[in-house]
Amino acid sequence: MSAFQMNLVPLKEPLGFIKVLEWIAAIFSFATCGGFKGKTEILVSCRPNVTENKTVTATFGYPFRLNQASFQSSSNVCGVDWKSHVLVGDYSSSAQFYVTFAVFVFLYCIAALLLYVGYTNLYRDSHKLPMIDFVITVVATFLWLVSTSAWAKALTDIKVATSPRIVQELLPCKQSSTECHFGSVTSMGSLNVSVIFGFLNMILWGGNAWFVYKETSLHSPSNTSASHGQGGAVPPPGM
């Protein structure tokens, strides 16, 4: 077996293989959320001469500070300064927490894979490294649950804030001189995928906790402790 093939052996074991899956899942998590750009449109017509609808658009995206997403139009539709009107809500804390944590997980997976592949013996002969890895794995599992749950709740609120409900909340649409109809909103399928990958990451890290635990001294006592536990009195010389 060549040296290159020997270096890839840890990747074929559950510990290394699951870490590769965690690395890939982390990429999908922050990419599907952090790269989103969308818009919601409203069709506006002026009374009393309702001849044609003009489009007013609000563009939004990561980190989803909707209260900074102002409406834009090609002209002053119905004499309204639409730039002074914005969507409702600020969901940046949940979105940034989720994406930032996913990026940190991505970097940790790279460091762990380098350790598994390049320093396998050092990892398995050490008492501290597997224990540190186990603690980080447990904490990461919990944080995936927290961050994904928070982001899933924020995503639900974002869908509501960009839905037909905005027609009822915009002040110009309540005036007698304007008539508003909801136009469309960008599909948020990629954001739904980000939530799915968040919970998938939680499952992967939770399952991987068992394989990391098996490498720790909690599951495999040291050889020294084992020998003391099995040994008896040292036989006298000559026997």
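The values are calculated or read from the model by the stated rules, or taken from the named source; none is laboratory data. Predicted model, so just to flag it, every value in this text is computed and none were measured. Don't worry about glycine lacking a Cβ; one is built from the backbone with ideal geometry, like all the others, and counts go over all protein chains shown. Surface areas here come from the heavy atoms of the whole protein model, side chains and all, with no ligands, DNA or RNA. Shrake-Rupley method; radii C 1.70, N 1.55, O 1.52, S 1.80 Å.
Observations on the model:
- Protection-proxy order for peptides 169-182, 16-29, each taking the mean of Cβ atoms within 10 Å per residue, highest first: 16-29, 169-182
- Charge dipole magnitude, Cβ of K and R +1, D and E -1 - segment 9-97, Cα centre, debye nearest 20: 80
- Table column - 3J(HN,Hα) (Hz), segment 168-182, Karplus curve with 6.51, -1.76, 1.60, x for Gly and Pro: 6, 9, 6, 4, x, 6, 8, 7, 6, 7, 10, 10, 10, 9, 5
- Test item: Cα-centred dipole of segment 118-182, Lys/Arg +1 and Asp/Glu -1 on Cβ, debye: 60
- Counting only protein heavy atoms and a 1.4 Å probe, segment 9-210 has 50 square angstrom of accessible area per residue.
- Couplings 3J(HN,Hα) of segment 195-211, computed from phi: 5, 4, 5, x, 6, 5, 4, 4, 5, 4, 5, x, x, 5, 4, 5, 5 Hz, in residue order, whole Hz [Karplus 6.51 cos²θ - 1.76 cosθ + 1.60, θ = phi - 60°; x for Gly and Pro].
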